[in-house]
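Below is one structure, written out as structure tokens; comments come after it.
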Amino acid sequence: MMALMATAATTAFAQDFIVKEARKQLGKGEIEAALQMLTPALNSPATEDKAEAWALKADIEFGKFTAIQNENMQNVMQQKKVPYDTLAMNNACFEAMKAAIKCDEYDRQPNEKGKVKLRFRQNNQQRMQNVRLNLINAGLYDYNHKNLDGALEKWTLYLESPADELFKGCAEVEDVTKDQYRSEIAYYAGLVAYQQKNYPVAEKFAKMAAEDPSKAAEANEIMLFSKKETLKTKEDSLAYVAMVKDLHKANPEEDRYFNLLMEYYTRSDDQAAMAAWAEEEIAINPENKMAWALTGQVHMNNREWDPAIEAYKKAIELDNDFIQCIFNAGVCLNGKAIDLKDKLADKNTGGLTKANADKVKEILTEAKSFLERSKELDPDREKVNWAYPLYQIYYSIGDKAKSDEMEKLVNAGH
């Protein structure tokens, strides 16, 4: 046991000795040698003073970062167009910030007496403010060079670092309301995460960006489409709909939210839910033609002809050329006429009295006016196929010439 304890003590001493030797190498300007010597000690359980080890790592990376940055600044001041190693500078910037955060994590751990004595925070906090700002450009460099993983890593560190203990008490960083770049970087981080199909991260950063009114519309779109891509359970769907409804309520002038809700309810095939939602929309805005159209669609699917026709007519009042509603109103009136004919027909002969025939014809005539209007607006049937219902109506009212004309179109498949 004593031998094991002696070995452990020797190992611990060796690791901490290596850290000291690495610092000496750094003092001589042997940066890569110092880094190579230090690296095994960073995560070794035998290293007792991990805060010192990570502080040295931060020193090395910060030194590499500032050396390249200063060289570039000198060239700019002297108007020299000398290329510099942007990638190395950006990587050093990223590693320096990570090392400083790791150093602070160990630095704030209580000592053997249960006390915390911060040795490195003040120095790291001051110098990492400049390093943190450079993470913006570092991420942009990766983004422009198609390295999305690198861009997201650097922007994530930029956005999340203000909450780290390292910057506690540093108002310039800790108070994110003072950060003029935060919403822009959060938006791009969310966009990159969305492109990578990392939807939870995309949603997180989009939500952060949306806190800025100037970025809210774009950010909300990322947030919504991210949530839409992860719909698995009924609860997920309800949460998604609730989010879209909240955004729709807060931004009634934005058509996108209404359209997303319309798409959701149409695809869900829940007629009752769609009818209830359309009713809500009409109560909010009685001049919402699409809400009236959806109301008509629900009633039409249920063969409830009168309320369907009423809703479609209301939509047409709001938009005289709303061809889908004009066509559907004609189809509903035709359906109403067929149902009425079946209801009024003699049970033995199937015939109609003149009075009853006139009732059916009156409805068919109204249906014909809507379908002929559809034909006028869409002669090539690109939006609605009016040929067959018009054929039915012309045939039913005895207009042989026109029914033959429609029959040819139907049979031709055009």
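The values are calculated or read from the model by the stated rules, or taken from the named source; none is laboratory data. Since we're looking at a predicted model, the values are computed, not measured. Methodologically, a virtual Cβ is constructed for each residue, glycine included, from the backbone with ideal geometry; neighbour enumeration extends over all protein chains shown. For the accessible areas, the whole protein counts, side chains as well, though only heavy atoms, and no ligand, DNA or RNA atoms are used. Shrake-Rupley method; radii C 1.70, N 1.55, O 1.52, S 1.80 Å.
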Practice prompt. Using a 1.4 Å probe and counting only protein heavy atoms, arrange His145, His299, His248 so the residue with the most accessible area comes first.
Written response: His145, His299, His248
Worksheet entry | FRET efficiency, Ala33 to Arg267 (Cβ-Cβ, R0 56 Å, nearest 0.05) | 0.35
Worksheet, complete the sentence: Simple SL model, points at 7 angstrom along Cα→Cβ for Glu235 and Asn251; separation in nm is 2.8 nm
Discussion item. Angle check, please: helix 400-412 long axis (alpha carbons) against the longest principal axis of the chain (alpha carbons), in degrees 0 to 90, nearest 10.
Written reply: 30 degrees
Worksheet entry | Positive-end residue, region 161-297 charge dipole about Cα centroid, Cβ charges, pick of Ala273, Ala219, Met290 | Ala273
Fill in: Loop GluC sites (Glu not before Pro), region 146-197, which have at most 10 other Cβ atoms in a 10 Å radius of their Cβ (DSSP)
none
Worksheet entry | Spatial separation of Cα centroids for region 362-410 and region 105-148, in angstrom | 74 Å
Practice prompt. Express in nm, to one decimal, how much length is gained between Met77 and Ala276 on full extension, taking 0.36 nm for each residue of separation and deducting their alpha carbon distance.
Written response: 64.9 nm
Worksheet entry | Heavy-atom SASA rank of Tyr143, Tyr265 (probe 1.4 Å, accessible area, largest first) | Tyr143, Tyr265
Discussion item. Just the number please: accessible area per residue for the chain, 1.4 Å probe, all protein chains included, in Å².
Written reply: 57 Å²
Item to complete: Quick one: angle between helix 31-42 and the longest Cα principal axis of the chain, in degrees between 0 and 90, rounded to 10, please.
Response: 80 degrees
Item to complete: Could you pull out the GluC sites (Glu not before Pro) across region 36-77 that fall in loop regions by DSSP (anything but H, G, I, E, B) with no more than 16 other Cβ atoms inside 10 Å?
Response: Glu48
Response to the item:
The distance between the Cα centres of region 224-246 and region 161-175, in whole Å, is 33 Å
Fill in: Solvent-accessible surface ranking, highest first, for Ile101, Ile284 at 1.4 angstrom
Ile284, Ile101
Discussion item. Viscosity 1.002 mPa s, temperature 20 °C: give me the Stokes-Einstein translational D for region 115-256 in µm²/s, with Rh taken as the Kirkwood radius over C-alpha pairs.
Written reply: 130 µm²/s
Response to the item:
Under the 7 Å Cα-to-Cβ spin-label approximation, Val410 and Glu317 lie apart by a distance in nanometres of 3.3 nm
Discussion item. Students often get this wrong, so check it: of Lys98/Lys227; Lys24/Lys64; Lys341/Lys375; Lys98/Lys168, which have C-alpha atoms separated by over 23 Å?
Written reply: Lys98/Lys227; Lys341/Lys375
Worksheet item: Using Cα atoms only, what is the angle between the long axis of helix 354-377 and the major principal axis of the chain, expressed in degrees (0 to 90) to the nearest 10?
Response: 40 degrees
Practice prompt. Tell me the label-point distance for the pair Glu218, Leu133, using the 7 Å Cα-to-Cβ offset, in nm and rounded to one decimal.
Written response: 2.2 nm
Worksheet item: Tell me, what % of the accessible area of the chain is carbon and sulfur with a 1.4 angstrom probe?
Response: 52 percent
Worksheet item: Hey, any idea what the orientation-averaged projected area of the convex hull of region 339-414's Cα atoms comes to, in nm²?
Response: 5.6 nm²
Worksheet entry | Kirkwood-Stokes translational diffusion coefficient of the chain, alpha-carbon pairs, 25 °C, 0.890 mPa s, µm²/s | 88 µm²/s
